[in-house]
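Each remark here refers to the structure printed beneath this line.
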Amino acid sequence: MRHSPSFLKVTALLFLASLASAAPAPHAKPYWLKTYSLAPYHETWRGELEVKKLDAALPKVVAVIEKGGGRLTQPLANFVGSSTEQQLSLIVPQKKAKALLQALRKLGKAAEPAVHPNGMPVPLGEVREKLARLAKEKIENPVALAQTPAAAEAVDEMIEHLANAEAVARSTDGEVLWNLTVKEARQ
């Protein structure tokens, strides 16, 4: 069966169009434009602690937080509160968060907090490999980069992001940002 030249052209164009609309090929490693979380928090917790008397319990709560390796995100006086309720926001190393919850339960009633993951930990090896490759190419090819200023700026931005991600990953094993409401039990 013979096809006309116009039929063959249309068929070839349809074939090329189907190739263009196909899913893009997966990126080869490393994926240079991948971004990494710069937040040291691996999880965010939200929960309540019910105590008998707020005024009496609050200094004890702060002491338990500090003894358990946590710290308030701001001075206690800056948090929103009332005569029966106090909002707190604290940061605690992820490895110490469960123990701190148990210690707080000795001061009052606390259900399991709502836990929300905040992204994946930074793959330090991958970040360091990218940093090393970019730094090496920047040192070895200054003339080529000078001829392409936009590419040089992009390389500088990638180096900055990777250096920041490495610094965050080195500075912490992961932390929990914990929003805690301390409430006085209803009488």
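Throughout, read-outs are computed from the coordinates displayed, never taken from laboratory work. Treat the numbers as computed from the prediction; the structure is a model and nothing was measured. We place every Cβ from the backbone using ideal geometry, glycine too, and count neighbours over all the protein chains shown.
Computed from the C-beta positions of N179 and K67, the FRET efficiency with R₀ = 25 Å rounds to 0.80. Considering only L58, A135, T73, the residue lying farthest towards the positive end of the dipole of region 45-154 is L58, judged by Cα position with unit charges set on Cβ.
Are there trypsin sites (Lys or Arg not before Pro) in region 65-151 that DSSP marks as loop and that have at most 16 other Cβ atoms within 10 Å, and which are they?
On the way: sites: K67, R71, K95, K96, K98, R105, K106, K109, R128, K130, R133, K136, K138; in loops: K106.
Sites meeting the loop and neighbour criteria: K106.
Based on the mean of other Cβ atoms within 10 Å per residue, sort peptides 73-83, 36-46 so the most packed one is first. Please list the in-between numbers first.
Working: 73-83: 10.8, 36-46: 16.8.
Sorting 73-83, 36-46 by mean packing, highest first, produces 36-46, 73-83.
Between A135 and V115, what is the FRET efficiency for a Förster distance of 30 Å, r being their Cβ-Cβ separation, to the nearest 0.05? Calculated value: 0.20. Geometric descriptor of region 29-187, per residue, is 131 Å³ (volume of the convex hull of the Cα atoms). Rounded to the nearest 20, the size of the Cβ-charge dipole of region 60-126 about its Cα centre is 360 debye, with Lys and Arg at +1 and Asp and Glu at -1.
Pulled fully out, how much extra length does the chain show between E85 and K106, if you take 0.36 nm times their separation in residues and subtract their Cα-Cα distance?
Working: separation 21, 0.36 × 21 = 7.56 nm, distance 1.83 nm.
Extra length available between E85 and K106 comes to 5.7 nm.
Give me the Kirkwood hydrodynamic radius of region 71-125, using the inverse of the mean 1/r over all pairs of distinct Cα atoms, in Å to one decimal.
On the way: mean 1/r = 0.0723 Å⁻¹.
Taking the inverse mean of 1/r over all distinct Cα pairs, region 71-125 comes out at 13.8 Å.
Approximating the spin labels as points 7 Å out from Cα along Cα→Cβ, the D156-to-R186 distance works out to 6.1 nm. Can you work out the FRET efficiency for the pair L145 and Q94, with r the C-beta to C-beta distance and R0 = 45 Å, to the nearest 0.05? So the FRET efficiency works out to roughly 0.70.
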